[in-house]
Each structure stands twice: as structure tokens, then as C-alpha cells.
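Visitor: Handing you a structure now.
The values are calculated or read from the model by the stated rules, or taken from the named source; none is laboratory data. Please read all numbers here as calculations on a predicted model, not as lab measurements. As a convention, Cβ positions derive from the backbone with ideal geometry for all residues, glycine included, and neighbour counts pool all protein chains shown.
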Amino acid sequence: MRLAGKGLIDRSTPVTFTFDGRSYQGYRGDTLASALLANDVRLVGRSFKYHRPRGILTAGSEEPNAMVEILEGNQQTPNVRATVQEVFDGLQARSQNRFPSLKFDLLGINNLAAPFLSAGFYYKTFMWPRPFWEKLYEPLIRRAAGLGSLSGRHDEAQYEKAWAFCDLLVIGSGPAGLMAAWTAAQAGADVILAEEDARMGGRLVSDNLRVDGQPGADWVEALLDDLKAMPNVRLMPRTTVTGAYDDGTYGALERVGLHRAPAPHLPRECFWRIVAGQTVLAAGALERPIAFPDNDRPGIMLASALRSYLHRYGVVPGNRITLIANNDAARATARDLMAAGVKVVAILDTRPDATALEDCPVYLNAQITGTAGHLGLTAITFRHAGGTATLETDCLAMSGGWNPTVHLTCHMNGRPLWREDIAAFIPAEGAVPRLTPAGACNGTFSTAGAFRDGLAAAHTALAALGRPAPDMALPMAEDAPYTITPFWQTPGVEGRQWLDFANDVTTKDVKLSAQENFRSVEHMKRYTTQGMAPDQGKNSNVAALAVLADATGRGIPQTGTTTFRPPFVPTSIAAMGAGGRGAGFAPQRFLTSDQASRDRGAPMIEAGLWYRPSYFPKPGEKTWLEACNREVTMVRESVGVSDVSTLGKIDIQGRDAARFLDLVYTNTFSTLPVGRVRYGLMLREDGHVLDDGTTARLAEHRYLMTTTTAAAGLVMRHLDFVHQAFCADWDVRFLSVTEAWAQFAIAGPRARDLLATLLGAAPDLPFMGVTDVSLGSTPARLFRISFSGEEGYELAVPTRYGEALFRDLVARAETMGGGPYGMEALNVLRIEKGFITHAEIHGRTTAFDIGMEKMVSAKKDCIGKAAAARPGMIGPDREQLVGLRASSAMTAGAHLFTPGDKVHRETDQGYITSVCWSPTLSAHLALAFVKDGRARHGTRIRVVDHLRKIDVLAEITDPVFHDKEGAKLRA
Amino acid sequence: MPELIAKSALAGHAPVTRLQTTLAEGSAAPITSVAPYPGRMDRVNAALAPLGLAFPAPNGQTRQGAARLIWTGRDQAFLIGAPAPDGLADHAALTDQTDGWAILTLTGPVAEATLMRPVPLDLRLGAFPPLRTVRAPLNHMQAILTRTAPDAFEIMVFRSMARTAWGELTEALEVLAARAQTA
């Protein structure tokens, strides 16, 4: 029911939303919970295990009962707390965990079976027969229990991640937080004020409080106007700080678009990483329920929630309201309701010594012994100092006292301390470095106390920041003492007393846990699942451990708490991974020839982060293999052009450059003449091959190293390590120039002719030579190197000219019967020639294995040399690089067996690393590693691939199939 | 002999403006890496003196007219906007980097807020004043980030990654614009 003239909602903006398909009206500023209560909807969900009818318990993010699914286009968001979700025009919400409907739920039958479903039931019952657990019991149980459901589709909505830095982070905008933020802002500090709610003010806007003689909400509004005008203050409403991490870093989840209809580019949520010099935690406190039989019916709510609905939203969730409490503070609920003209049936105070002076009946020493009403509360039965009684009531407010919100102070392993006088845990001092708790979260429950705490915390933070504290007057506000006598559960009564509403855990379950000897609080948690639901036990932890303490005869401090871990509220993975979906997963690196290749219809293949053309299809070609075969033949017979810019290029300079290369390469580079190129092999410190490539000597003290595409970063890191660890004082400097040059391979018997048309004259360059050339006014470098086995050149120009040169080279090649070739052809060409890639130097092979042990110079030391000489690194037991030739297809990854041997692991002779169909030799070829392979050339070996069902015989050969003497590439 | 046409890293990308803040391709040429050899900083500084520059401190830069020298790493700085002076090559390794980097500029009132999406550094004016230069991650990319004015930044990324950087900064601008519309 909505009361006229009450609440802070915007009555000029009505909104229409649906719940379970039915249309309702609310106002801007309503949460789904307040709008449903205003429409007298009390039944909102079904419980996790017993499918008990449940309503709304709280008015905040700790809500354990009122969880719904929100539908929005393709999005279906489960377990949204109705107390957090704001209403907007077009909002569609749906109840969850019920079938066929919320009011009639077939699985409600679980509730009747409750005597059999107590804690530990599954563990004891479904042990036998063992295989039944996975196949039968678990699927059935999972189906019966549970909360919301997902759409089964990808979450393609927009999310955001961002960073923020500040001098002071204030978490919570109640009186303590506002005072701290205002004080620090006056001192000139950069302040971020984060508030979980859509509206700032905390209890000042949820309670009937007065500050400096004004209504609390007015005072807050005026202060917020001042704060908004300050450039050093950032207000972050709808932002929950979810975790405390090292170095003053906090995670925070902002609801950016969840409270409104979707708009292009508007994220649903933003996950913030906030780095703060100092932090004031003013997170407030959470009211505790009281355990009594059937205390979970719709209509039973927290007393403070009732006040929030009354003062924030002008909503009263019943016509005849009763209050049960164990403290003075909760009496305000009854007084506020009566002042608003609402019928308060009675106040039940569990204390025998409390005052009975109120404008309604007050029962002392009262304990509720039963409640009635299937889908909503209709009556309560209770005993009290004067006897027993039954009252007709449709709403019961309860208050078992307050738990300071200490969660963030536990995220770095702090353990909260028990304070007997308030019967609650408070943060341990220094639990999170540079964080000062203030106000209710520190156990200070009066408004004036919160202002004082907030001011003091600001002073602490400002002192640490080295800023003088401004002279601030404390606002005038109530300063009532907090008096409480703990009351955790109702003794000597039948019926289930719920502790954890979200996971259906009762006081009896906790006692059973103790009885079964799961007496540690951590064991009790696992045994009963108390505290493991979406609310993470915010409503039940302290009461549960009080019951456990009672059952085990220990005190509460001795029983201790379970560990509070981040995130403080449920946080969507989509927000934490914002931007990482699809192409956002990693940067994309594009070649200068990218567009030219795509223009020709070339499919792209990812090589590391690079996109390289796979092949260049011609009209009529139906498969990649047809195009690949044509491109291979083209290179062998005329000329092909390929973009090789992805290879790593490292400029190495200095008087010790040659000495440095001699250290990192197995072979010698100090003897390389200027203008020449040499193939080099690089080992890791453990003696295995790291990378290979060619290095050119451009000048006496300057080299240009080429690495493979895959290992470009790895080699750079290795060089840095070697330099810094072993020879930091040498006169050597190096820097990647991969991105500075676009480089193209021109390969084939007509490569020289092509270059002649480009350069004006055929290049006079010996095999493994390098020279500077110019293309018009563009400086360029020409290398004579070959990865195809044909006469080959690589021409490099500054990157900005890359696209123009590629298009020019391809056009020239095409006039000569040539053209571009892609990665597939490049791979076939190198296999035919027996050239290795990282398929072969995969990290477990040595120079000996690949037949290059002679490249490890005997005249000098190098990185990895000693380790490569260890026993087991050389010899006939090693698997050595060979070629395989067969008449049918082989597969990379297939294993090799001696013909006649049984095919099993013990007789494994090696494996295949690369395969191709060779159009040049009209044969299936492979590169492989075979035990003592070099001694087995000419023999036959069996190729078995169990995965792809291949079993063929192949001949072991030298790995170089094509032009063994190298006549063609030296031509 | 052909005359090759030069193309910048982001050729074809028109500037994007949201909330009076503009993302555009910048230019800086030539760029030369200057890496002094051990123990020769004095002679490097002497060689730089005619340009009015000195080797910068970490995260800093020195500038004179159009020429500037920005710190880019340990024993390394990029000389931008002027050719290397005579004699410098004797004491420092010089490497042409002109074509290796894509340059993006971000100018306007929400430039800092835009960068606070992909960059995990404190870019508040007090902590990161004009002429400060850092090597910074831009999401998964490594970048060289310089504040050129209170509301202007220059972002250098590997040239091959220019499109990703452009896309991610454009997206951050779009999101801020969408947020502003709903505020």
C-alpha cells in the first residue's frame, strides 16, 4: 500500500513494469521490491531447497529471498535482488525456481519431505550404489534445487572496465561517510564517494532523522549539492565496493544501465579498479532477523526495512503490523508507522526489562512460538511475561540487533573482533592498511556518533595524506545509546526456525552439524551450506555461529567467524571481463599488405597476433589445396611474392655487438663480413633450441637479427635477460625494428628478373648477401636469402611504403606468370626443402636432434652450450630429425613404430611434426623425429594416428627432399 | 623505377569527436631511438646540446621548439621532430623508429576519462602533468603515453596494432558519450 505524501520517489514520473507477465505501476525512484509492495504483492519467490513461499525481507543488497530474473532482449539475468533493481518503463521481471507458477509450485512437495532433507541428508543417503550419484542422484537434486536460470545464449551486451585514482575513497554515504567525504573535500583532497544505493544518504534518507533541525533527507540533499560543485569530489552512486586488495586498490561494481531501458553503447555495468591513498569505510550495518518457528513467511521483514519502505518509498507492506525486537532502536519502526497512521497491533520485546511505554500494546519477555499463512503472514502466536496470545497480523517487523558491515576489513585476512556490549563483530584495527572504519560498520550506531566517527576518520586520513584538517562543526543529531540483549533463537518450541533463508538452513541443521561433530564454524558452514547462497550469509552468519556456540558450549568469540571473501555482492563475470569478448581478447596485428590480400579473397590465418594470408584463390579453384599447389609450382617455376614482415627484426649496435652475438648464438658472428648474412641457431640456458634465423652484418658494429614470427618477443626478452644478467657493462644496445620495416620475399627462378624491372638492373648479390638499394627516392634493403629453396630475395622498405611495394611486386610477378603466395604454400616449400619452424624446434629438441650439432662452435662458449652437452642430450637414443615420404596422407602428431612391432607406448619410435602434399615431388612428405633416425634413412616406418585413424607405411629419408645441393638457391 | 606511395598507419580513419573530445591520427617524424652506450651520458648530452636538448630523466622529456627527446625505457629515449645531431652516433646507438609507431592524439575535456578505461595509471593532472611520458599498457598493448597539455594526450602504439588501439579508444569515447546522455 502506498501512503500519500510520503517517500522520496518521483511521483510525477510513473513507470509501468511487469512481474510474471502482469503489468504494475510504480514511480521513478522505486525499487522493484518497493513497487511490488506498493501493489500489495507479497509473494515474490520460492526458496532454494524446500520451495517455500518467500517475500521481501530487506531493503538492501543483502536480500536473501526476493530474487528474480530480469528479461531484456536476449539477456536473461538470474538472481537479481528485487531490493536493488530499480523500476523503469518496460522492465520485465519474472519469479524463479517455481513450476508451474509462483503460487502453485509442484516442488513445494519438498517442504513436506523436510524431515528427510535436513543438513547432511545427501551425504548420508546417496552414497550407494556409488555410480548412481553422478548419473541419477546429482542431476535430480540439481534439478529440484536452485535459483534463477540462464538464457543459454552468449551475453553480448555492453560492459565496461575502468580505473580511478583518488586521495580518499569513502565507502558508503550515510552520516559517517558524508562527514568524512565533506571534511576531506574541504581539505582539498581528491575524494571518491561510492554508494551502493541509487540515492546517497544511508539511514539519513531511510529513517525519520533530523540533522541540524532539518529532515535528514533535506540536509543530505543540500550537502550533496555542495559536493557536486567541487571539482575534487566524484560521487559514485549505484557503485558497490566489492573487494579490498593490495596497495589501496579496491574493486567496485557500478550499475550503469541496469536501471533504465538499454541504449546504444551504454554499458549495463562497469567494473572499477579504484586506487586510493586512504580509505574510510562507512559501510553501515545490517539488521539481523530473529529465529522463531516459521519466521520465513512473506510479510515477515526486518524492522529497518519497514522504515526504509515507509520513508524512502511511502510504502507500507501491511495493514496490521507487529514488531518483535531485542533492542530499543527498533521501536522507531512502530512509532514511525503509528505517526503515519498505520495500525500497529503490538510490540513484542524479547527483553523482560524493557520499557512498555508506547502508544500500542507492548509485551515483554515475548517469544513467538508460531506463525500462520501459507502464501503470506496472517497471524502469530507468542508467549510473554503474562501468558500466551495469538494476534492477527499481516506484517511482522523483526530486529535481532545490528551486524556492522565488516566484510571489506576481512578481505586481507583480518579477523573481526567480538564486542559483548553490542553483541556484534567489529573490524580489527589495521585489518586493511590505510583503511579507517567509521560509524555503524565500526559499532557506532547513533547518528551523532556516526558524524563524530566520520570526522575523526577523515582527520586520520588527512594526517596520513599530509593535509591539514579543516575546522568543521559537527551537525546536531540524535545520540541515543544502543541497548540490546541478544536473542538468537526461540527455545523449547516445535517447528523450523530459519537462519539462512537463501539456502534453507534452520537452527536445527546447525545443531545437527554440532551433533555430528562438525563443530568448527568452517565445517558447520560446509555441512549445512549456511552462508553459501548469493547473500553469502549476510543475514545469517552471526546468528548461525551463535546457535553453534550454544550447541557446542563455547562462547561466540571462541567459535569465530567464517572468512569473508570478495566480492561483497554478486558480481557478473561479464563486468570483470568487459571488452574481452571476441576480437577484444587480444590486439590484432595487421600487415601493410592486409587490404591488398583481402582484395584478392585471401582467407586470413592467425599467426600469434598477426593476420597472414593463407592462400590466394583464383577463379575456379574449389579448395585451399588447389590454390596451394598452384602457388608452390609457381614459386618453383617462375616467381612468387610473400609478405614476411611478421618475422622479428632486431637492430643490434655497439663495439661489443659481435661479441654479444657470439654469446647468444651457437655459431660465430664476429667473423661475418660486412654485407653478408649468416644463419644462426640460439639455445636456451637449458641447452634446447630457442629460435633460429638469419642475421646480417650491416656495418662493423651493427647487425640486424631476424627471428621467427612466433618467437620474436621471446628472443627480445632472452637478449634483454642475457644482456642484463651477464654483460650489462658491454658496449651493446639493441631495439626491435619489426614494426619499422615492411619486408617481402621474392622467390623463384625469375626472382632476379623481377627485381631487374624494379631496380633498373639485376641485383649483383651473392647468396647470403645484403645491400642497400633505393626505389625511386625510397631507401630500401635487399637481402639474398631463401626459405623456399629457390633463388630468393627479401626486399625491405620503411613500413609506410609497404602496401605500395606489395601491390607493385605482385603486379610485376603476374606479368611473369607469377603472383602472391600464402602461408600454406610457404609451409609446403619449406618442408620440401627440409627447413625447420617452431613445429620442429618446439622447445624439447636440441641442436643434435635437428642435425645442427656442428653449428655449436667448439671454439667459443655460448648460452646453453654446457647444458646441451649433458648426458642424454645427444646420442642414438635421441629422436632425430628425418624426412618421411609416403604414398598416402600422413598427419602431424602421428606416432611412429617399427613395422612388425606391437603398436603401444613402449615401442614408440617418434612422431611427426609437419606434413604436406608436395606437388613438386608428387608425394606425401613429412618431417619427423625418429630414434636414431639419421642411421635409419632408407628404411620403412609405420605411421599411426589413433585419433584420425591413420595407419600407413612411410620411407625414412634425409629431411631435405628438394635440391639437396642447394644449386637453385645459389644460382 | 617506381615512386612508392606512403600510407600512414591509420590512413582512412577520420577523426572521431564525442563530448568535444577528438581522437585523431597524429604525426611525428622523424623518430630516432637514442640509446647511450655505458658511461657516455656526458658526451651524449654534449652532442645533443646544439638541439637544445638533454637526455631526459625516466618518465620525462626535454624539448626545444619542434624537437623533443622523450624517455622510452632504460638507457633509451626517442628523438622526435629533428634529425640526430652530428657526433651522437659515436656515443649512442641510433635506430630509426619513424615507421614503427602509430600515433594517436586525444584532445578535449574527457580525454583523461577516456584513457582511464584502458590505462591503469594515475593520470590526474597533479600526478601526470603535461610533458610527462610513460610506457603504459593500453589494455593488452604496450604504449608510450605523453600528456601534451592539460586536456591533450599523445599515444604511440606498435604500428601493426593501430586499428585495435583506435577501436578501443573510440569505444571508450562512445561509452562516455552514452553515459553523459543518460546522466
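Visitor: Tell me which of these B:Leu53 doesn't satisfy, since it passes every other one: (1) aliphatic (A, V, I, L, M); (2) part of a loop (DSSP other than H, G, I, E, B); (3) without any contact (Cβ under 8 Å) to a residue 24 or more places away in the chain.
Guide: Among (1) aliphatic (A, V, I, L, M); (2) part of a loop (DSSP other than H, G, I, E, B); (3) without any contact (Cβ under 8 Å) to a residue 24 or more places away in the chain, the lone unmet condition for B:Leu53 is (3).
Visitor: If you don't mind, there's one more thing I want to ask. Step by step: first the residues of segment A:777-814, then only those that are away from chain B (no Cβ under 14 Å), at negative phi and in a loop (DSSP other than H, G, I, E, B), then the one that is nearest to the chain's Cα centre (by Cα). Which residue is that?
Guide: Of everything passing the filter in segment A:777-814, A:Phe787 is nearest to the chain's Cα centre (by Cα).
Visitor: Do the conditions hold for B:Ala92, that is, is it crowded, with 24+ Cβ neighbours inside 10 Å, farther than 30 Å from A:Phe590 by Cβ, touching a strand residue (DSSP E or B) at 6+ places or on another chain (Cβ under 9 Å) and more than 7 Å from every other protein chain (Cβ to nearest Cβ)? Lay out the reasoning, then the answer.
Guide: Details: crowded, with 24+ Cβ neighbours inside 10 Å: yes; farther than 30 Å from A:Phe590 by Cβ: yes; touching a strand residue (DSSP E or B) at 6+ places or on another chain (Cβ under 9 Å): yes; more than 7 Å from every other protein chain (Cβ to nearest Cβ): yes.
Yes.
Visitor: Then there's this: Given the condition outside any loop (DSSP other than H, G, I, E, B) and under 21 Å from A:Thr846 (Cα atoms), answer yes or no: does some residue in segment A:940-953 qualify?
Guide: Taking segment A:940-953 and keeping what is outside any loop (DSSP other than H, G, I, E, B), we get A:940-945, A:950-953.
The next check asks that each one be under 21 Å from A:Thr846 (Cα atoms); those that pass are none.
Within segment A:940-953 (the criterion being outside any loop (DSSP other than H, G, I, E, B) and under 21 Å from A:Thr846 (Cα atoms)), the answer is no, since none of the residues qualifies.
Visitor: I would also like to ask the following. Can you report the number of residues in segment A:495-542 which are of a type in the set (Phe, Trp, Tyr) and within 26 Å of A:Ala82 (Cβ to Cβ)? So that I can check it myself, show each step before the final result.
Guide: Step one: list which residues in segment A:495-542 are of a type in the set (Phe, Trp, Tyr), which gives A:498, A:501, A:518, A:527.
From what's left, within 26 Å of A:Ala82 (Cβ to Cβ): A:498, A:501.
Result for segment A:495-542: 2.
Visitor: Quick check: anything in segment A:606-616 within 14 Å of chain B (Cβ to nearest Cβ), modelled with pLDDT under 95 and touching a Ser or Thr at 6+ places or on another chain (Cβ under 9 Å)?
Guide: Among the residues of segment A:606-616, at least one is within 14 Å of chain B (Cβ to nearest Cβ), modelled with pLDDT under 95 and touching a Ser or Thr at 6+ places or on another chain (Cβ under 9 Å), which makes the answer yes.
Visitor: Let me ask something else. Any residue that is buried (at least 18 other Cβ atoms within 10 Å of the Cβ), among the aromatic types (Phe, Trp, Tyr) and assigned to a loop (DSSP other than H, G, I, E, B) - is there at least one of those in segment A:445-452? Full working, then the answer.
Guide: At the first step, the residues of segment A:445-452 found to be buried (at least 18 other Cβ atoms within 10 Å of the Cβ) are A:445-447, A:449-452.
Those left that are additionally among the aromatic types (Phe, Trp, Tyr): A:445, A:451.
From the residues that got through so far, the ones that are assigned to a loop (DSSP other than H, G, I, E, B) too are A:445.
Yes, there is a match, as at least one residue in segment A:445-452 is buried (at least 18 other Cβ atoms within 10 Å of the Cβ), among the aromatic types (Phe, Trp, Tyr) and assigned to a loop (DSSP other than H, G, I, E, B).
Visitor: Can you name the number of the only condition in (1) more than 35 Å from the chain's Cα centre (by Cα); (2) closer than 24 Å to A:Arg844 by Cα; (3) within 14 Å of chain B (Cβ to nearest Cβ) that A:Leu698 fails?
Guide: Result: A:Leu698 fails condition (2) only.
Visitor: Suppose the filter is small (Gly, Ala, Ser) and within 30 Å of A:Thr561 (Cβ to Cβ); does A:Ala438 pass it?
Guide: Details: small (Gly, Ala, Ser): yes; within 30 Å of A:Thr561 (Cβ to Cβ): yes.
Criteria met by A:Ala438.
Visitor: Which of the following residues is in a helix (DSSP H, G or I) and in contact (Cβ under 8 Å) with a residue 24 or more places away in the chain: A:Leu266, A:Leu227, A:Leu286? Reasoning before the result, please.
Guide: Values: A:Leu266 fails: in a helix (DSSP H, G or I); A:Leu286 fails: in a helix (DSSP H, G or I).
That would be A:Leu227, the only listed residue that is in a helix (DSSP H, G or I) and in contact (Cβ under 8 Å) with a residue 24 or more places away in the chain.
Visitor: Search segment A:205-219 for residues being of a type in the set (Asp, Glu) and assigned to a loop (DSSP other than H, G, I, E, B), and hand back the single one that is surrounded by the most Cβ atoms within 10 Å (Cβ to Cβ). Let's see the steps before the verdict.
Guide: Taking segment A:205-219 as the starting set, the residues that turn out to be of a type in the set (Asp, Glu) are A:207, A:212, A:218.
Within this subset, residues satisfying the condition of being assigned to a loop (DSSP other than H, G, I, E, B) are A:207, A:212.
Working: A:Asp207: 24, A:Asp212: 13.
Looking at the filtered set, the residue picked out is A:Asp207.
Visitor: Kindly indicate the residue of segment A:560-593 that is part of a helix (DSSP H, G or I) and out of contact with any Lys or Arg (no Cβ under 9 Å at 6 or more places or on another chain) and also farthest from the other protein chains (Cβ to nearest Cβ) among those meeting that condition.
Guide: Of all residues in segment A:560-593, those part of a helix (DSSP H, G or I) come to A:573-576, A:582-585.
After this cut, where a residue has to be out of contact with any Lys or Arg (no Cβ under 9 Å at 6 or more places or on another chain) as well, the list is A:573, A:582-585.
Values: A:Ile573: 18, A:Gly582: 12, A:Ala583: 8, A:Gly584: 8, A:Phe585: 8 Å.
Top of the filtered list is A:Ile573.
Visitor: While we're on this one: Against the definition (over 18 Å from the mean Cα position of the chain (by Cα), touching a residue at least 12 places away in the same chain (Cβ under 8 Å), more than 10 Å from chain A (Cβ to nearest Cβ) and crowded, with 21+ Cβ neighbours inside 10 Å), how does B:Leu104 come out, yes or no? Please lay out each step first, then the result.
Guide: On the way: over 18 Å from the mean Cα position of the chain (by Cα): no; touching a residue at least 12 places away in the same chain (Cβ under 8 Å): yes; more than 10 Å from chain A (Cβ to nearest Cβ): yes; crowded, with 21+ Cβ neighbours inside 10 Å: yes.
Criteria not met by B:Leu104.
Visitor: Sticking with this one: Would you mention how many residues in segment A:133-180 are touching a Phe, Trp or Tyr at 6+ places or on another chain (Cβ under 7 Å), modelled with pLDDT under 75 and in a helix (DSSP H, G or I)?
Guide: So the answer is 3.
Visitor: Could you check segment B:78-98 and list, in sequence order, the residues that are among the polar types (S, T, N, Q) and touching a Pro at 6+ places or on another chain (Cβ under 9 Å)?
Guide: Of all residues in segment B:78-98, those among the polar types (S, T, N, Q) come to B:95, B:97-98.
Within segment B:78-98, B:Gln97, B:Thr98 qualify.
Visitor: At least 3 residues that are among the hydrophobic types (A, V, I, L, M, F, W, C) and in contact (Cβ under 8 Å) with a residue 24 or more places away in the chain in each: list the strands (runs of 3 or more DSSP E) lying fully within segment A:847-936 that qualify. Even if it seems obvious, please write down each step before you answer.
Guide: Details: elements: A:879-886, A:895-897, A:910-918, A:923-931.
Here the list reads A:879-886, A:910-918, A:923-931.
Visitor: Of (1) farther than 30 Å from A:Leu253 by Cβ; (2) assigned to a loop (DSSP other than H, G, I, E, B); (3) in contact with a helix residue (DSSP H, G or I) (Cβ under 9 Å, 6 or more places away or on another chain), A:Pro619 satisfies all except one. Which?
Guide: (3)
Visitor: Restrict the check to segment B:109-119 and report whether at least one residue is surrounded by fewer than 19 Cβ atoms within 10 Å (Cβ to Cβ) and more than 14 Å from chain A (Cβ to nearest Cβ).
Guide: no
Visitor: Do you know which of the residues in segment A:56-107 that are in a loop (DSSP other than H, G, I, E, B) and basic (Lys, Arg) is nearest to the chain's Cα centre (by Cα)?
Guide: Step one: list which residues in segment A:56-107 are in a loop (DSSP other than H, G, I, E, B), which gives A:56-66, A:73-74, A:82-85, A:87-91, A:96-99, A:101-104.
So of that shortlist, the ones also basic (Lys, Arg) come out as A:98, A:103.
On the way: A:Arg98: 31, A:Lys103: 37 Å.
Here the residue is A:Arg98.
Visitor: Checking A:Leu625 against (1) in contact (Cβ under 8 Å) with a residue 40 or more places away in the chain; (2) surrounded by 17 or more Cβ atoms within 10 Å (Cβ to Cβ): exactly one of these is not met. Which one?
Guide: Here A:Leu625 meets the rest and fails (2).
Matching residues to (1) over 22 Å from A:Ala217 (Cβ atoms); (2) surrounded by fewer than 24 Cβ atoms within 10 Å (Cβ to Cβ); (3) within 13 Å of another protein chain (Cβ to nearest Cβ):
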site	(1), (2), (3)
A:Ala157	yes, yes, yes
A:Phe165	yes, yes, yes
A:Leu169	yes, no, no
A:Gly174	no, no, no
A:Met179	no, no, no
A:Leu193	no, no, no
A:Arg199	no, yes, no
A:Arg203	no, yes, no
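Visitor: I need a count of the residues in segment B:39-76 that are touching a Phe, Trp or Tyr at 6+ places or on another chain (Cβ under 8 Å) and within 20 Å of B:Gln97 (Cα to Cα). Spell out how you get there, then give the answer.
Guide: Step one: list which residues in segment B:39-76 are touching a Phe, Trp or Tyr at 6+ places or on another chain (Cβ under 8 Å), which gives B:41, B:44-45, B:48, B:56-62, B:69-70, B:72.
Of the ones still in play, those that are also within 20 Å of B:Gln97 (Cα to Cα) are B:44, B:48, B:56, B:58-62, B:69-70, B:72.
Number of matching residues: 11.
Visitor: Return only the number of the condition from (1) among the aliphatic types (A, V, I, L, M); (2) part of a loop (DSSP other than H, G, I, E, B); (3) more than 14 Å from chain B (Cβ to nearest Cβ) that A:Ala222 does not satisfy.
Guide: Failing condition for A:Ala222: (2).
Visitor: Please state which one of B:Thr182, B:Thr164 is at the interface with chain A (Cβ under 8 Å from one of its Cβ atoms), crowded, with 21+ Cβ neighbours inside 10 Å and not acidic (Asp, Glu). Steps first, answer last, please.
Guide: Values: B:Thr182 fails: crowded, with 21+ Cβ neighbours inside 10 Å.
Checking each option against the conditions leaves just B:Thr164.
Visitor: With the requirement that a residue be charged (D, E, K, R) and at the interface with chain B (Cβ under 8 Å from one of its Cβ atoms), what does segment A:724-761 give you? I'd like the intermediate steps shown before the answer.
Guide: Just the residues of segment A:724-761 that are charged (D, E, K, R), to begin with: A:729, A:731, A:733, A:739, A:750, A:752-753.
The answer is A:Asp729, A:Asp731, A:Arg733, A:Glu739.
Visitor: Looking at A:Ala627, A:Ala602, which is the one that is outside the structural domain of A:Thr83 (by TED's automatic domain parsing), in contact with a Phe, Trp or Tyr (Cβ under 7 Å, 6 or more places away or on another chain), within 24 Å of A:Trp917 (Cα to Cα) and not in a helix (DSSP H, G or I)?
Guide: Only one candidate qualifies: A:Ala602.
Visitor: Something else: Among the residues of segment A:390-429, write down those that are under 38 Å from the mean Cα position of the chain (by Cα), assigned to a strand (DSSP E or B) and of a type in the set (S, T, N, Q).
Guide: Listed by number, the residues that qualify are A:Ser399, A:Asn403.
Visitor: Would you tally the residues in segment B:1-47 being away from chain A (no Cβ under 14 Å), farther than 27 Å from A:Cys727 by Cα and surrounded by 15 or more Cβ atoms within 10 Å (Cβ to Cβ)?
Guide: Of segment B:1-47, the ones away from chain A (no Cβ under 14 Å) are B:14-15, B:17, B:20-24, B:26, B:42, B:45-47.
Restricting the remaining residues to those that are farther than 27 Å from A:Cys727 by Cα gives B:14-15, B:17, B:20-24, B:26.
Narrowing the set further to residues that are surrounded by 15 or more Cβ atoms within 10 Å (Cβ to Cβ) leaves B:21-24, B:26.
Total meeting the criteria: 5.
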